[in-house]
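The values are calculated or read from the model by the stated rules, or taken from the named source; none is laboratory data. This one's a predicted model, so the numbers in the text were calculated from it and none came from an experiment. Don't worry about glycine lacking a Cβ; one is built from the backbone with ideal geometry, like all the others, and counts go over all protein chains shown. Heavy atoms of the whole protein, side chains included, go into the accessibility calculation; ligands, DNA and RNA do not. Shrake-Rupley method; radii C 1.70, N 1.55, O 1.52, S 1.80 Å.
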Amino acid sequence: MTTLDPNVWGTIADWFMVGVTTITAYYLYQTLNSQKEVQETQNKMFQIESLKFKESVKPLFSYKISTENFLTDPKYHKIITIEISNESNSMAKEIKINFEERQNIKKIMVPQNYLPSPLKTLNKNDKPYLLHFLIVEAPISVEFIKFEVTYQDISTNKYCQNVVCIYEEEISIIKNPPQIIES
């Protein structure tokens, strides 16, 4: 009968330790893998909750057009007023309007609605933010007024919304959804 030399092969206690260490390593790996999956799930849940919060504080603007003839000859001059209202319960801050004037369309201030400085905030039930545009000559078949509205929500996420006013026989507004430009 051959015997195994304990100096070469070790004792039963040594082999028992190898077995226990292997089993421990396996379960430790399983535990760490499970913790990794839980962490990934928690990260996804955080992203969802973060998105929900951003959507809950995001101001949503509506645009309404009115045309009034303040000038004597509406055939050659037309003033278009665009009312910007906040439809959400969240306040919009730091509102800025970017508009590139064109040869026949100018952004103007109308004296009856003149404010010393433009509105910086807009809540749901506030008076609307008014933009007035003067179309200097009789419009061609289709005229466009394009402007960009930038603003912040209460958690300082910055948004940008592009708006196009199409001036034909009837006037319509096309607005892109607000895009987060900085959060």
Filter the range 139-154 for residues that are in contact (Cβ under 8 Å) with a residue 60 or more places away in the chain and either in a loop (DSSP other than H, G, I, E, B) or basic (Lys, Arg) (or both); the one that is surrounded by the most Cβ atoms within 10 Å (Cβ to Cβ) is ASP153
Condition set among the charged types (D, E, K, R) and open to solvent by 70 Å² or more (accessible area, probe 1.4 Å), scope the range 95-109, selection farthest from ILE84 (Cα to Cα): answer is ARG102
Counted residues in the range 155-171 being open to solvent by 50 Å² or more (accessible area, probe 1.4 Å) and either farther than 23 Å from VAL136 by Cβ or free of Cβ contacts under 8 Å to residues at least 12 places away in the same chain (or both) come to 5
Per the filter on the range 156-172, residues more than 15 Å from ASN98 (Cα to Cα) and at pLDDT below 90 are THR156, ILE166, TYR167, GLU168, GLU169, GLU170, ILE171, SER172
**Study point:** Flag for GLU40 being modelled with pLDDT of 90 or more, of a type outside the set (Gly, Ala, Ser) and surrounded by 10 or more Cβ atoms within 10 Å (Cβ to Cβ)
**Key:** yes
Residue hits (the range 52-94; open to solvent by 100 Å² or more (accessible area, probe 1.4 Å), of a type outside the set (D, E, K, R) and at pLDDT 90 or above) are PHE53, ASN89
